[in-house]
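**Q** Input: one structure, supplied below.
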Amino acid sequence: MTRQFWNGNMAAAQAVRQSRVEVIAAYPITPQTHTVEYLAQFVADGELDARMVKVESEHSALSACCGASIVGSRTFTASCSQGLQLMSEVMYFASGMRFPIVMAVANRTLSVPVNIWADHQDTLVNRDAGWIQIYTRSVQEIYDMMLVAFASAEDPRVNLPAIVAYDGFILSHASEPVTPLEQSVVDDFLPSPRATERPLMDPAKPQQFGEVLFPEWYPDFEYKKHSALVGAADVLTERFAALAELSGRRYDLVERDSDPGAKTVIFGIGSMMQTARHTAAKLREQGESVAVVNLRVFRPFPEQAVAKALQHAETVLVLDRDIGYGSAGMVYPDVVRALYHAEHRPTVLNFIVGLGGKDITEQTILRSLELAKDGYRGQSVFWPDARGPQEGIAPSAQR
Amino acid sequence: MAIKLKTLSDQEHLCQGNLACAGCSQILGLRQVLKVLGENTLVVNTTGCMAVITQMGVPKVPHFHVLFENAAAVASGIDDALKQQGRRDQYKLLVVGGDGGTADIGLASLSGAIERGQDFIYICFDNESYMNTGGQRSGTTPFAARTSTTPVGTVSRGEARLPALRKNMVEIIAAHNIPYAASTAIGYPMDFLGKVEKAAQVRGPSYIHCHAPCPPGWGVDSELVIEASKLAVQTGAVLLYEIENGERRITKKVSKRKPIADYLKLQARFRHILDDEKLIEQLQREVDAGFEALTARC
Ligand SMILES: Cc1ncc(C[n+]2csc(CCOP(=O)(O)OP(=O)(O)O)c2C)c(N)n1
Ligand code: SF4
C-alpha cells in the first residue's frame, strides 16, 4: 500500500480497521479520543463491520469487551490515564478470563496535579495486571505493533490481553509517514478470531465462567496465567519475524541501536528512546562509547534478552518516564533483576525524566550522562529535569 | 400467552444441590425464571449471593459471574457481539444481580446499558442488603431495619434514611423510558413468571425488581420466606405493578390491605421497633401514601 501520513491515533485506528475488529467499546479521554472517533467514522462509512458499544465509562468499556470476547468476537478498546485507572479492576478480570482484548493507550500521566501530557505512569502502574505491554517510538511502530498485538494475544498459546502504548501528543497527535500493509496481507497475518478454539458461552456446551477457586488450586491457576504471559515472548518474537517478512521492518523484544561493546548504555521505553538514540549517535561521532537499548516489550519482561543486551556495559542508565513513589522508576527494578546474576554486573542507575510531558531533549540525556559519570554514590535514583533542593539529586541523597 | 402453572416446563436448568441457605428466595427465583426462558439462555451474574450459591456447576446453562458492578456492561458486549455475528435471535440474555450490584455500585453501568437500548432481561433480587458480605445496608434497605452497618444501639435504631428516600428502582429504571419494567415478589410466582415472559418478548432492555426475603439477613424462619413475601404484598409494603411502554398497571390488587405490623413482626431485623406504636403508625402512613401515590398514576 502507498505511504500514508497519519498521526498515532489514526495509525492505531487504521490497524484496528484492517484487523476487522468486530466490537469496539471505549470512552473519550485526551489524548486517546481521536482513535475512537476515527473508528466511529469508519463504521459510519461502512469501511468497518463492527459494533460500537457507546459506554458510559471506561470500566464499562473494558467490561463490554469482556462480554464480546466471551462469545468469540475480536474486540478493541482504547484509553489512558484516569480512564485506565478506572479500568484497572477489569484489567485483572480480563487477563484472568484469558480474553485476547487489544487496547491502545496514548500514555498520559495521572492526576493530581491535573496534567494531560505524556508519561508512562498510567500503563506502568498496571504492569502486573497480566497484560502484554508493547511500547512504541514512532507512528509506523504503532501501526505495526497493533497488528502484532492482535496476532499474539489471540494465539492459543497466549490468550491474554495486550496493550500497545504510545506517548500522548508526542505520538498520538504527531503525523508521520506510515507504510501500511495491504488488506490481504493483514488477513493472512491475522486469521479469523474464531479460527482457534477457546472456551465460549454456548448453550450447546454450557460452562460456568468467572467462578471461585479455592486456595488448594489457586496457585496452579496463577502459575498457568503467569506462564502464558512469560511464554508470550516467544510468540511475539515469531510475529515480529513474520511481520519482517511481510514489511521488511524488523522488531525485537529488546533492540540495540549500535555498538554492542559500548561502555555506557541508555535503556528505556517509548518515544524518548528516539531522542536518546539521536543523542548517542552524536556522542559516538565525538568518540564517546555510548549506545542505546530500547525495550519494546515490557510485559512479559524479557529478562535474558535484557541481560544479553547490557552485559558488556560498564554503566547502564535506565530512563523512567514514571515514578514508583517512595521507591524508584518502575522499569528500573526489572533491569536490575535481569543484571543481578550477570557475570559482569554493570553499575545501573535510574533517571526519572519527562514526567507530565516535560520535554525530553538532548539536554536531558546529556544531563543524565553527566550525573552518571560519578557512578553509584549511595544513591541510585536521579531526577535530572526536576528542580529539587539540589538540582537533579533525589531526596534520599540529601540526608 | 399468559404463563400457567400447568404449562410450566418440567425441565430443570439448575442441578440439584447448591450453596444457598435453606429458604433462599434467589435460587428459587432463578430456577423458576430459567424454566420460562429455556435452555438457550446466557446468564450474566453480578458478584453477590447468587454468584456464590451457583458455584460448581449448578446452572445447566452458560453462566458468567462477572464483577460486582459491571454485569450490564458485560451483557452489553455480549448483546452487541451476537448482533454483529448475526446470531442474536438464537439466545435469551439474562442478567441477575442483587440490590447492591444493581441499585448501588452497578447503577451507572445499568443506566448506561438501558439508555443504549441493549437487549437483555435484567432481574434484581432485592434482599434489601449486601448479604454476600454479611448483611450490610444498601440503597434499598428499609427504614429502621437492623443490618450490620445500621446496628441498633443506644443512640441508633437501625437504618435511619426515611422511607420516602429509599431507592425506588422500578421508577428509576422507568425514568429511562424503558419498554418494560416491573416489580414482583418471590411469594407470587405466577405474577413473577408472567412478567419474565413479557420481558422476554421485549426487544431491548427490560427490568424486573423482585422482592426476595433472606432468612439470615432478615431474621425470618426459612419456612416463612414465602409467607413474608406474601405479607409484604398484602400489607402494601411492596406493590406489584408493571410499566409497559409508559403505562402503569397494578398486577396484584389487594382489596383489604393488612396492617404493616403483620409484615414487620415476622422479621427479627424490625424487632426493636415493634413496641413503638407511634413509629409503627408513622410507617403505616408511609405505606398508605405509597399505595395512593401509585394508584393515582395507574
Ligand atoms: C468492587 C467491589 N466492592 C466490594 C465487593 C465486595 N462485595 C461482594 S458482594 C457484595 C455485596 C453484594 O450485595 P448484593 O448485590 O445486594 O447481593 P446479595 O449478596 O445481597 O445477594 C460486596 C460488598 C466486591 N466484590 N467488589
Ligand atoms: S444470605 Fe440470603 S440471599 Fe444469601 S444465600 Fe442466604 S438466604 Fe440467599
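The values are calculated or read from the model by the stated rules, or taken from the named source; none is laboratory data. All figures in this text were calculated on a predicted structure; none of them were measured in a lab. Glycine also receives a Cβ, built like all others from the backbone with ideal geometry; neighbour counts cover every protein chain displayed. For the accessible areas, the whole protein counts, side chains as well, though only heavy atoms, and no ligand, DNA or RNA atoms are used. Shrake-Rupley method; radii C 1.70, N 1.55, O 1.52, S 1.80 Å.
**Q** Quick one: in the stretch A:114-167, which of the residues that are of a type in the set (Lys, Arg) and more than 18 Å from residue A:86 (Cα to Cα) is farthest from the chain's Cα centre (by Cα)?
**A** Filtering the stretch A:114-167 for residues that are of a type in the set (Lys, Arg) and more than 18 Å from residue A:86 (Cα to Cα), the one farthest from the chain's Cα centre (by Cα) comes out as A:157.
**Q** Another one. Give me the pairs: first residue in the stretch B:211-232 and farther than 17 Å from residue B:261 by Cα, second residue within 14 Å of ligand 1 (Cβ to nearest atom) and aromatic (Phe, Trp, Tyr), beta-carbon distance under 6 Å, and six or more apart or on different chains, which are they?
**A** What qualifies is B:212/B:125.
**Q** Would you check which residues across the stretch A:184-216 are open to solvent by less than 50 Å² (accessible area, probe 1.4 Å) and not in a loop (DSSP other than H, G, I, E, B) and list them?
**A** Matches in the stretch A:184-216: A:185, A:186, A:189, A:208, A:209.
**Q** Mind listing whichever residues of the stretch A:196-252 are acidic (Asp, Glu) and more than 30 Å from residue A:140 (Cβ to Cβ)?
**A** Listed by number, the residues that qualify are A:197, A:202, A:211, A:216, A:220, A:222.
**Q** Report the residue count in the stretch A:99-124 for those that are of a type in the set (Phe, Trp, Tyr) and open to solvent by 10 Å² or more (accessible area, probe 1.4 Å).
**A** Count: 1.
**Q** Right, next: Starting from the stretch B:16-34, take each residue that is in contact (Cβ under 8 Å) with a residue 12 or more places away in the chain and list its partners that are of a type in the set (Gly, Ala, Ser) and assigned to a helix (DSSP H, G or I), counting only C-beta distances under 9 angstrom and pairs at least six apart or across chains.
**A** B:21/B:222; B:22/B:222; B:23/B:222; B:24/B:222; B:25/B:229
**Q** Right, here's the next one. Among the listed residues A:179, A:196, A:136, A:123, which satisfies the condition of being of a type outside the set (Asp, Glu) and modelled with pLDDT under 95?
**A** A:196
**Q** Do you know which residues across the stretch A:72-102 are at the interface with chain B (Cβ under 7 Å from one of its Cβ atoms) and either more than 14 Å from residue B:73 (Cα to Cα) or of a type in the set (D, E, K, R) (or both)?
**A** A:73, A:89
**Q** Also: Which members of the stretch A:281-337 meet the condition of being hydroxyl-bearing (Ser, Thr, Tyr) and within 28 Å of residue A:235 (Cβ to Cβ)?
**A** Listed by number, the list holds a single entry, A:332.
**Q** Are any of the residues in the stretch A:362-373 over 27 Å from the mean Cα position of the chain (by Cα) and assigned to a loop (DSSP other than H, G, I, E, B)?
**A** Yes, some residue in the stretch A:362-373 is over 27 Å from the mean Cα position of the chain (by Cα) and assigned to a loop (DSSP other than H, G, I, E, B).
**Q** A further question on this structure: Tell me which residues, restricted to the stretch B:194-220, are surrounded by fewer than 24 Cβ atoms within 10 Å (Cβ to Cβ) and over 24 Å from residue B:19 (Cβ atoms).
**A** Listed by number, the residues that qualify are B:194, B:197, B:198, B:200, B:201, B:202, B:203, B:204.
**Q** If residue B:42 satisfies all but one of (1) outside any helix (DSSP H, G or I); (2) within 16 Å of ligand 2 (Cβ to nearest atom); (3) within 18 Å of residue B:120 (Cβ to Cβ), what's the number of the condition it fails?
**A** Of the numbered conditions (1) outside any helix (DSSP H, G or I); (2) within 16 Å of ligand 2 (Cβ to nearest atom); (3) within 18 Å of residue B:120 (Cβ to Cβ), the odd one out for residue B:42 is (2).
**Q** While we're on this one: Among the residues of the stretch B:92-134, write down those that are away from chain A (no Cβ under 14 Å) and over 16 Å from the mean Cα position of the chain (by Cα).
**A** Across the stretch B:92-134, the qualifying residues are B:133, B:134.
**Q** Please list, ordered by first then second residue, the pairs with beta carbon atoms under 8 Å, 6 or more apart or interchain, first in the stretch B:67-80 and facing another protein chain (nearest Cβ under 8 Å), second open to solvent by 10 Å² or more (accessible area, probe 1.4 Å) and among the acidic types (Asp, Glu).
**A** B:67/A:89; B:79/B:119
**Q** Hey, does the stretch B:14-35 have a residue that's farther than 15 Å from residue B:125 by Cβ, surrounded by 24 or more Cβ atoms within 10 Å (Cβ to Cβ) and within 14 Å of chain A (Cβ to nearest Cβ)?
**A** Looking for residues that are farther than 15 Å from residue B:125 by Cβ, surrounded by 24 or more Cβ atoms within 10 Å (Cβ to Cβ) and within 14 Å of chain A (Cβ to nearest Cβ), one finds none in the stretch B:14-35, hence no.
**Q** So, one more: Taking the stretch B:20-39 only, how many residues are within 17 Å of the chain's Cα centre (by Cα) and within 12 Å of ligand 2 (Cβ to nearest atom)?
**A** 9
**Q** Would you mind telling me which numbered condition in (1) within 27 Å of residue A:328 (Cβ to Cβ); (2) outside the structural domain of residue A:332 (by TED's automatic domain parsing) residue A:213 fails?
**A** Checking residue A:213 against (1) within 27 Å of residue A:328 (Cβ to Cβ); (2) outside the structural domain of residue A:332 (by TED's automatic domain parsing), the one that fails is (1).
**Q** Of the conditions (1) in a strand (DSSP E or B); (2) open to solvent by 20 Å² or more (accessible area, probe 1.4 Å), residue A:17 clears all except one; give me its number.
**A** For residue A:17, the failing item is (1).
**Q** Could you list, in sequence order, all residues of the stretch A:262-284 that are of a type in the set (S, T, N, Q), in contact with a helix residue (DSSP H, G or I) (Cβ under 6 Å, 6 or more places away or on another chain) and not in a helix (DSSP H, G or I)?
**A** Matches in the stretch A:262-284: none.
**Q** May I pose another question? Do any residues in the stretch A:20-47 that are under 14 Å from residue A:77 (Cα atoms) have Cβ atoms under 6 Å from those of residues that are open to solvent by 20 Å² or more (accessible area, probe 1.4 Å) and charged (D, E, K, R), where the two are at least six apart or on different chains, and which pairs are they?
**A** Here the result reads A:23/A:51, each pair linking the stretch A:20-47 to a residue that is open to solvent by 20 Å² or more (accessible area, probe 1.4 Å) and charged (D, E, K, R).
**Q** Restrict the check to the stretch B:76-97 and report whether at least one residue is open to solvent by 30 Å² or more (accessible area, probe 1.4 Å), in a helix (DSSP H, G or I), within 16 Å of ligand 2 (Cβ to nearest atom) and out of contact with any Phe, Trp or Tyr (no Cβ under 9 Å at 6 or more places or on another chain).
**A** no
**Q** Return the only residue of A:316, A:336 being in contact with a strand residue (DSSP E or B) (Cβ under 9 Å, 6 or more places away or on another chain), open to solvent by 20 Å² or more (accessible area, probe 1.4 Å) and not in a loop (DSSP other than H, G, I, E, B).
**A** A:336
**Q** Identify, please: which residue in the stretch B:115-152 is buried (at least 24 other Cβ atoms within 10 Å of the Cβ) and among the β-branched types (Val, Ile, Thr) and is, among those, nearest to ligand 1 (Cβ to nearest atom)?
**A** B:141
**Q** Let me ask another. Which condition breaks for residue B:54 when tested against (1) open to solvent by 60 Å² or more (accessible area, probe 1.4 Å); (2) within 14 Å of chain A (Cβ to nearest Cβ); (3) within 16 Å of ligand 2 (Cβ to nearest atom)?
**A** Unmet condition: (1).
**Q** Follow-up question, since we're still on this one. Can you tell me which condition residue B:47 does not meet? The list is (1) within 7 Å of chain A (Cβ to nearest Cβ); (2) open to solvent by 10 Å² or more (accessible area, probe 1.4 Å), and all the others hold.
**A** (1)
**Q** If you don't mind, there's one more thing I want to ask. Of all the residues that make up the stretch B:250-283, how many are open to solvent by 50 Å² or more (accessible area, probe 1.4 Å) and more than 18 Å from the chain's Cα centre (by Cα)?
**A** Number of matching residues: 14.
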